[in-house]
Amino acid sequence: MKGKRVLLTGGTGGLGLGVTPVVLLRGAEVTIPYHKASEVERMKGFLSPADFARIQFIAADLSQEADVERLVNTMGRVDSLIHLVGGFAMGKTHEYTLAAWRHDFQLNLETTFLVCKHSLRKMLEHGYGRIVTIGSRGAVQPGGQLAAYCASKAGVVALTQAIADETKGTNITANVVLPSVIDTSANRAAMGAENAAQWVKPESLAQTICFLASEAAQDVRGAAIPVYGNI
């Protein structure tokens, strides 16, 4: 990935804190969109000053197409898109509000569509690209009280595989990873840490993501790769 321009969405989040250092270690030129300045400040505690200085931070609301288009155009070229933005929510279907349902789909699926759409436009212009999205084990093994989350993540899988089919015959690939529970501070706070040793480590997931985002993955397209840890 040395010298490749990587758009890393969600790079300041719980998963991003594990993925961003690995992407930087591979020699990529990284652009991270952010929503709040505090997100950028938090990154300073997880990266060396030299690594932090190598990141281009751009304020953007990924739910707004104009912001996404501006973000991508600012980069000039997008060699790899690693889209980590997403959110988890629970609730029984008969009690779930339409507003909450729409929020889950906007966060998990619509942002994926927008960043893929505009990154793909740039990739087609330059004849090269790697798209990596984040689905979920729930996308292929749905569970109760997770209808909106699982359905929106299933949409991410379908979207990614559709892009992979559309880009056959090019040097552009699209693949999706399907993690189970990721060992983040937010998940530990919500679920307790007693089973955290069996969860997927962000740094481990980053290895799979970075392979798919690299030149080496030229023959992998449309894959939905399970990364389930020990559960």
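The values are calculated or read from the model by the stated rules, or taken from the named source; none is laboratory data. The model shown is predicted, which means the values in this text are computed figures rather than measured ones. Please note: Cβ atoms are built from the backbone with ideal geometry, for glycine as well, and neighbour counts cover all protein chains shown. The accessibility values were calculated without ligands, DNA or RNA, using every heavy atom of the protein model including side chains. Shrake-Rupley method; radii C 1.70, N 1.55, O 1.52, S 1.80 Å.
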Those residues of the stretch 22-36 which are open to solvent by 70 Å² or more (accessible area, probe 1.4 Å) and either at pLDDT below 95 or under 27 Å from Lys117 (Cβ atoms) (or both) amount to Arg26, Glu29, His35, Lys36
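For residues in the stretch 146-162 being β-branched (Val, Ile, Thr) and buried (at least 24 other Cβ atoms within 10 Å of the Cβ), which is farthest from Met90 (Cα to Cα)?
Just the residues of the stretch 146-162 that are β-branched (Val, Ile, Thr), to begin with: 156-157, 160.
Now drop any that are not buried (at least 24 other Cβ atoms within 10 Å of the Cβ), which leaves 156, 160.
Details: Val156: 18, Thr160: 24 Å.
The extreme case among them is Thr160.
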Would you check if there is a residue in the stretch 67-78 being modelled with pLDDT of 95 or more, in contact with a helix residue (DSSP H, G or I) (Cβ under 7 Å, 6 or more places away or on another chain), closer than 22 Å to Gly11 by Cα and surrounded by fewer than 20 Cβ atoms within 10 Å (Cβ to Cβ)?
-> yes
Looking at the stretch 107-209, what helices (runs of 4 or more DSSP H) fall wholly within it and have at least 1 residues that are more than 22 Å from Gly14 (Cβ to Cβ) and among the hydrophobic types (A, V, I, L, M, F, W, C)?
-> 111-126, 137-140, 147-166
If you take the residues of the stretch 163-217 that are among the acidic types (Asp, Glu) and open to solvent by 80 Å² or more (accessible area, probe 1.4 Å), which of them is nearest to Arg5 (Cα to Cα)?
-> Glu215
Yes/no for Gly87 being modelled with pLDDT under 95 and part of a loop (DSSP other than H, G, I, E, B) | yes
Take Gly27 and decide whether it is out of contact with any strand residue (DSSP E or B) (no Cβ under 7 Å at 6 or more places or on another chain) and more than 23 Å from Arg130 (Cα to Cα).
-> no
Under the condition of being within 22 Å of Ile231 (Cβ to Cβ) and polar (S, T, N, Q), which residue from the stretch 153-199 is farthest from the chain's Cα centre (by Cα)?
-> Asn195
Within the stretch 37-48, residues crowded, with 16+ Cβ neighbours inside 10 Å and among the aliphatic types (A, V, I, L, M) come out as Val40, Met43, Leu47
